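Structure, as structure tokens:
Readers should treat all values here as calculations from the given coordinates under stated rules, not as data from a laboratory. None of the values given here were measured: they were computed from a predicted structure. So basically every Cβ, Gly included, is an ideal-geometry build from the backbone, and we count neighbours across all protein chains shown.
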Amino acid sequence: MPPRTGTNHILPSVSVKTRILISFLMVIFVLSISIALLGYWVIQKDVIGRADQKVRRDLTTARTVYTAEIERIGQALGLVSPNGNIKALKDKLNVHYLRYVASEDFNSLRSEIAREAVRKGDPNGVGGTRIIGVEELATLVDFPGEVTIEIRRTPKARPTDRKVVDSVMAKEYAVPVFNDREEITGVLYGGRAINRDDTFVDHVREMVFGGDVYKDKPVGTVTIFLDDVRIATNVQDKDGQRAIGTRVSEEVYRAVVEQGRIWHERAFVVTDYYKSAYEPIRNIDGGIIGILYVGTLEQPFNDMAREVMQLFLLSVAGVSVIAVLFSFVLAGTISKPLTEVVHASECLASGDWGYRIDSDTSIKEINSMAEAFNAMALGLKEREESLRISNEKLAAMNKSYIDLIGFVAHELKGILASAVLNAYAVRDGYLGLINFKQRKAMDSVTRNLDYLDATVKKFLSLGRVERGELSVNKAALNLKKDVFDNSINSLAPMAAKKNLKIANEVSPEMVVNADSDLMQIVANNLVSNAIKYSPDAGKIKVTARQVNGMVEVDVYNDSTPMSEEQRAKLFQKFSRLDNPETKKVKGTGLGLYITKQIVERHGGSITVEPREHGNSFVFRIERN
């Protein structure tokens, strides 16, 4: 099969061992990458997934603690009498404010939780979260601590023009008070302010996360937001202080406050990333007034995942290294017998027919291949021996054939020379006058002798070709004057009998580098063939031109254009075309064969090209 050309690229050859090793390494590489990716996915799902689940549970716990704190206030209120010392009771109940409002003053109640307790009339009371405004705070003269919180600039928070938070978020409980007739005579309500209530958020953190610290940072954090501002938190800012006054991100605010849903995602909280969970804090009417947040520091989980992943990758790398070592060993084991087969094939190609492959290995298929190869080598050896004997016989026969051609042609040459001379002497009257019938008979004799003489010369040339004695002595040769003029002049009588016109249009300056005698044989063969196979009154033309440093000679004659099948047979030894035109002309089928051998010995080539009304014999030869 011929080599492919175009855009296809020939792949470089590699050894069997290398190809097997590369295949093994590719499999190991793909498996290692797949296992590493699977391990990464499992670790992320397990470690990070557990962190996500934990923070959801932590949020539930924080909400429970928050609700329990409100219930504690309610339980405490249910155990006291409004007729006692309200200020002293406030300190005992551990609340920031405590108020009793008689029924005649219900219209001045500012607490929506107290109003709801009155409306329901449930002796157990009502609890919840509410916002205490600035005006109401002014009436609570015994309200402890600093109320105002300065709003701090926070990355990712929504834009705002507010500077401070001057209201208070409070956990509150209200209990209606009844007389003996079970009529509501008043309402007792109290609560704890969430603003800056560090005790509460630290208590929640202790219950949910314990006191764990990672790299000087608390593992768990709890925050309560009033709207979007941190009013109670144990999240630390960059200075290590509580991040009071910082704000929640706009993304969380939209999800929790505006859309009212729980948000649990990875979030950047002031200084670090946390696995976070946020849920809305609602007032007694269901309106969202703040956010309850718990978060677990993400860094411990990331470090754990990285350490597990590193250990996993080291394990995969160790197994891969072992697999690679085994691959080297296995590739060598498999390739060694194949390499031996290649070496044995090279030995056979170099003529060492006795080389054998070891068929006793640990691989069954290799043993079968070795046995088959040894059997093939033995068969080839026997065939080679048979071919050698046959070639010797053929060489002997060919030598006899060549010797016979040379002997017969040489003997006939001497006899023919004398016969031709005497025949022409008789025909031309040098040995006495002959009548018309005798002259006509002698014309036939001389023609046959001329044909026989030409045939003998061809056989002599054939003998030189077959023996490899066709030596080429190149010299500068004028193609027109020294070659074709001689041929055309010597064959002019043949052309005149058929009334042919021969035009020698070769340039007088056209010089080639060729053997004079051999080139004359080429010219004689081509011109005589043109004369023989041209119709009466036909035309023969000889031209030459320079092409790529060579001289291209074209010998044209009028005739029937030859088919491709006919052209393929022309230059074969003893081959003649089988058609009515060639059957009329005597020939041996050697002229064109000898011509082709001579042209090729000169480093040229010769072809036949059909024309519209004839054929051209075109050969190329070296220019001087």
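Just rank Phe328, Phe436, Phe617, fewest to most, by other beta-carbon atoms within 10 angstrom. Present the calculation step by step, with values, prior to reporting the outcome.
Details: Phe328 13, Phe436 7, Phe617 23.
Final ranking by Cβ density, sparse to dense: Phe436, Phe328, Phe617.
Using mean Cβ contacts within 10 Å as the protection proxy, how do 247-257, 340-350, 154-164, 556-566 order, highest first?
Order by mean packing, descending: 247-257, 556-566, 340-350, 154-164.
Picking from Val164, Asn83, Ser103, whose Cα lies most toward the positive end of the charge dipole for the stretch 48-303 (charges on Cβ: Lys, Arg +1; Asp, Glu -1)?
Val164
Over 28 Å between Cα atoms, which of Lys156/Lys238; Lys381/Lys569; Lys481/Lys596; Lys156/Lys275 qualify? Walk me through the numbers before you get to the answer.
Details: Lys156/Lys238 16 Å; Lys381/Lys569 37 Å; Lys481/Lys596 22 Å; Lys156/Lys275 17 Å.
Those over the limit are Lys381/Lys569.
With respect to the cross-link table entries Lys120/Lys171; Lys54/Lys217; Lys393/Lys573; Lys92/Lys163; Lys437/Lys497, which display a Cα-Cα separation exceeding 26 Å?
Lys92/Lys163
Please get the size of the charge dipole for the stretch 48-303, origin at its Cα centre, with Cβ charges of +1 on Lys and Arg and -1 on Asp and Glu, quoted in debye to the nearest 20.
On the way: 37 positive and 40 negative charges, 109 e Å.
Roughly 520 debye for the stretch 48-303.
Could you list His264, His203, His96 so that the one with the fewest beta carbons within 10 Å of its beta carbon is first and the one with the most is last?
His203, His264, His96
Which ordering of Thr129, Thr271 is given by a fewest-first count of other beta-carbon atoms within 10 Å?
In increasing order of surrounding Cβ atoms, one gets Thr271, Thr129.
In angstroms, what radius of gyration and Dmax does the stretch 98-158 have, counting Cα atoms only?
When restricted to the Cα atoms of the stretch 98-158, Rg and Dmax are 16.0, 50 Å.
Rounded to a whole number of µm²/s, how large is the Stokes-Einstein D of the stretch 470-622 at 4 °C and 1.567 mPa s, given Rh as the Kirkwood radius over C-alpha pairs?
Taking Rh from Cα pairs, D becomes 83 µm²/s.
Rounded to the nearest 20 debye, what is the charge dipole size of the stretch 470-622 about its Cα centre when +1 sits on each Lys and Arg Cβ and -1 on each Asp and Glu Cβ?
Computed about the Cα centre, the dipole is about 480 debye.
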